[in-house]
1. Give the peptides 268-277, 241-250 in descending order of average Cβ contacts within 10 Å, highest first.
2. Among residues other than residue 284 whose Cβ falls under 13 Å from its Cβ, what is the net charge (Lys/Arg +1, Asp/Glu -1)?
3. Provide the per-residue ³J(HN,Hα) series for the stretch 241-246, in order, calculated from phi with Karplus coefficients 6.51, -1.76, 1.60 and θ = phi - 60°, each as a whole number of Hz, with x at glycine and proline positions.
4. How many angstrom separate the Cα center of the stretch 245-296 from the Cα center of the stretch 111-135?
5. Give the shape of the stretch 140-282 as rounded, prolate or oblate, defined through the alpha-carbon gyration tensor: a ≥ b ≥ c are the square roots of its eigenvalues, a/c under 1.5 means rounded, and otherwise the shape is prolate if a/b is larger than b/c and oblate if not.
6. Report the charge-dipole magnitude of the stretch 144-215 in Debye, nearest 20, computed about the Cα centre from +1 at each Lys and Arg Cβ and -1 at each Asp and Glu Cβ.
Amino acid sequence: GGGAPPEQRLTGDSEPAAVAGRTEWDALRINPANCHVTVTPLTPPRPDLEFGVGVGYSDELQLLPVPLGKGVFGYVLLGTYRGHKVAVKLIGGLGGGPDGPSTAALARTMAQEVEVLGRCDHPNVVRLLAACLTPPRQCLVMELMETSLDRVLYGEPGALLPLGKVLAIAIGIASGLEYLHPFTVHRDLKPANVLINDSASDRPLAKITDFGLSRLRMATVETNTPEAGTDLFSFGVLLAEMLAGRPPWPGLNVIGIAHNVVVENRRPPLLEGLAEERCPGILRRMIEQCWETDAQRRPAAAELVKTLRMVQQMTGATQAPGSGAPE
């Protein structure tokens, strides 16, 4: 979905192609001799993704010379699969990426992502369509999305997202977490790992992506255990970041942020100075509950959805698409 040209579409923890640099993309050397990969379908058909099967379709993926992004894992390219445009996440490049343990570690991460996403079927979780875990063409075939939340959030410096749009996106993310938490924890929830369709509308569709740090649980995950609480804390930060229109701790690396939160017991100063009409009291309290030191005191994802819908009704905002509520 979405009307943006393919060059602007992403599928996860990637930078825009323009940031990556043309030299690196040119090194991929897509040509008719190396642009086809045999993949294994991983998920059954779903009404909102009608990928054709039968005559004229195969399990062959064709890579196209259109870069969509670049991240620590490698590259994201445009591709075609079963007659539809898709986003393809590749380790390193077409040559298999760098040698050594880092490639093996990336391959393990990709396998973990397949393990988690291969069982997911929810409108607020990005769809994994197929995969190839055999070198040198390890790749994930994902549904093609319009953009990512970080680009929506920071695409126009100084511009705040309307409260109704913030709530619609937040409900989509919380609904995705509500679906995921019985069997997995994401562990890396942030704007770059939320994909968006219909970003120009008041009701964008949000989907959680990038499950490389996730693990399937052998037993059911309680929704407010310390493990699930990691996602709930991150959700509070993400929501506050959307409301404030700025990152929580600019200039700090992961170690510095962890020190602030764990050692100093500090919380992002994002809510300071936000007016009631921008951050109603019930919303502020919910975010602060997400930041409780005791993870078991943080609200479960289902409670987040309920509270966010209540704020929608209070503020007259429209219902978020794909969040399971009646239209």
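1. Values: 268-277: 12.8, 241-250: 17.3.
Peptide ranking by packing, descending: 241-250, 268-277.
2. -1
3. After applying 6.51 cos²θ - 1.76 cosθ + 1.60, I find 5, 5, 5, 7, x, 8 Hz.
4. 31
5. Working: a/c = 1.58, a/b = 1.12, b/c = 1.40.
Oblate is the answer for the stretch 140-282, as a/c is 1.5 or above yet b/c matches or exceeds a/b.
6. Details: 7 positive and 8 negative charges, 38 e Å.
The dipole of the stretch 144-215 has a size of about 180 debye.
Read-outs throughout are calculated quantities, based only on the coordinates presented, and are distinct from any laboratory measurement. None of the values given here were measured: they were computed from a predicted structure. With ideal geometry, Cβ positions are generated from the backbone for all residues, glycine too; neighbour counts draw on all protein chains shown.
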